[in-house]
Structures are given as structure tokens and as C-alpha cells.
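Pasting a structure here, questions to come.
Just so it is clear, none of the values below were taken in a lab; they were calculated from the coordinates. Computed from a prediction, not measured in an experiment: that's the story for all the values here. Note: ideal-geometry Cβ built from the backbone for every residue, glycine included; neighbour counts use all protein chains shown.
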Amino acid sequence: MKELKIQPIRNGTVIDHIETGMSLNVLRILGITGENVNSSISVVMHVRSKKEEWKDIVKIEDRELYAKEVDRIALIAPRATINIIRDYNVAEKRKVKIPELVRGIVRCANPNCITNSNEPAESIFSVHRERPLTLKCHYCDRVQSRVEEYLTSSQD
Ligand SMILES: [Zn+2]
């Protein structure tokens, strides 16, 4: 079995084992839109992993992800692994973990929720169920899945 060779990066972050089709949402959740980025981003879609499953890979040069950002990725790609690359070597390997409380990055599906009002409160969700991921709004108790459709880009 041939393995796809992907250009290695010298420094930065490689997000591997992203559920296929989710790589662009990963960029969104990281607030990477193309206009605000000075480093090179590579997105590899629909490649086979060693376990013969399809996956996406995202490579971000010259940027190391913070733990807070990594946990955001878990909302849409719970099996993702984060490799921090320094001088072509894997300096750190991290797993993503769904945070207990999800703040500010997901919009509530209920249009009457206070988080969608004119003076919106920051959205807060607790994890209702992990697989498939289902969140419960702290304010209105609305339970919602398909989190990727309700992402707001990170501002920081
Ligand atoms: Zn709500």
C-alpha cells in the first residue's frame, strides 16, 4: 500500500485524522479565512489513513496552536491529532478533547434565545451527548446537533 507523500513543513502545526470533509470547517473554527494569515496553509482532503479510513489533513506553517484552539477542533473532528512541528520534527503530539463548556464559538439554533438578541450574551453550551456531538444551550435549553452548521469564527 502506497502512502501519499505530503510536503513536510519546517515549523508549524499539522492537524491529522480530521473527519473527511471537515478540513475547511477546521480552518473556520481556527479563524483562518485567508485574509488574515501570513503563513502557508495546506489542506489535504480525502486521503487514506493507515487504518484504511478516509481523512483530511491541515498543515499550518509557522503557527503553533494553543490548547484552547485545539479543543475547539474537537467539536467537529473528535479524532483529530495535533502535531507541533519544529525543525521538521514532531516536537509535541496532542489529542483533541471536547471541552465541558463550549463558549462563544457556536450559535444557538433558537432565534429567540438571548444569545441571538440585539444585545447578545456570549453563547454557552454544555455537552449533552458526545457521539454524535449534541450541545445544550445554557440559556434556553435548546439541544442541537450538527454543530458545524452553527460555528462562528473565532475572534481572537
Ligand atoms: Zn439558546
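Identify, from the list 121, 109, the residue that is within 16 Å of the ligand (Cβ to nearest atom), out of contact with any strand residue (DSSP E or B) (no Cβ under 9 Å at 6 or more places or on another chain) and aliphatic (A, V, I, L, M).
After applying the criteria, what remains is 121.
Determine which single condition residue 129 fails, assuming it passes every other condition in (1) more than 19 Å from residue 56 (Cα to Cα); (2) within 15 Å of the ligand (Cβ to nearest atom).
Of everything listed in (1) more than 19 Å from residue 56 (Cα to Cα); (2) within 15 Å of the ligand (Cβ to nearest atom), residue 129 misses just condition (2).
Filter the stretch 17-52 down to residues that are touching an Asp or Glu at 6+ places or on another chain (Cβ under 9 Å) and not in a loop (DSSP other than H, G, I, E, B), then give me how many there are.
Residues in the stretch 17-52 being touching an Asp or Glu at 6+ places or on another chain (Cβ under 9 Å) and not in a loop (DSSP other than H, G, I, E, B): 17 in total.
A further question on this structure: Could you please tell me which pairs satisfy a Cβ distance under 8 Å, a separation of 6+ or placement on different chains, a first residue in the stretch 97-112 that is without any contact (Cβ under 8 Å) to a residue 12 or more places away in the chain, and a second residue that is outside any loop (DSSP other than H, G, I, E, B) and surrounded by 11 or more Cβ atoms within 10 Å (Cβ to Cβ)?
No pair meets every condition.
Tell me the residue from 146, 48, 103 that is surrounded by fewer than 18 Cβ atoms within 10 Å (Cβ to Cβ) and more than 16 Å from the ligand (Cβ to nearest atom), please.
Working: 146 fails: more than 16 Å from the ligand (Cβ to nearest atom); 103 fails: more than 16 Å from the ligand (Cβ to nearest atom).
Within the list 146, 48, 103, the selection yields 48.
Among the residues of the stretch 115-138, write down those that are among the charged types (D, E, K, R) and surrounded by 15 or more Cβ atoms within 10 Å (Cβ to Cβ).
Within the stretch 115-138, just 136 meets the criteria.
Right, another one. Output the qualifying pairs, or none if there are none: Cβ atoms under 6 angstrom, residues six or more apart or on different chains, first residue in the stretch 35-60 and within 19 Å of residue 11 (Cα to Cα), second residue of a type in the set (Ser, Thr, Tyr) and not in a strand (DSSP E or B).
Listed pairs, sorted by first residue: 43/23; 58/23.
In the stretch 69-100, which residues are assigned to a strand (DSSP E or B) and either among the acidic types (Asp, Glu) or within 16 Å of the ligand (Cβ to nearest atom) (or both)? Steps first, please.
Residues of the stretch 69-100 that are assigned to a strand (DSSP E or B), as a first pass: 81-86, 89-95.
If the condition is that a residue be assigned to a strand (DSSP E or B) and either among the acidic types (Asp, Glu) or within 16 Å of the ligand (Cβ to nearest atom) (or both), then 92 is the only one that fits.
Which residue pairs have Cβ atoms under 8 Å apart, sit 6 or more places apart or on different chains, and have a first residue in the stretch 123-136 that is in contact (Cβ under 8 Å) with a residue 24 or more places away in the chain and closer than 11 Å to residue 75 by Cα and a second that is aromatic (Phe, Trp, Tyr) and within 13 Å of the ligand (Cβ to nearest atom)?
135/125
Exactly one of these conditions fails for residue 149: (1) farther than 22 Å from residue 60 by Cβ; (2) assigned to a loop (DSSP other than H, G, I, E, B). Give me its number.
So residue 149 meets the others, but not (2).
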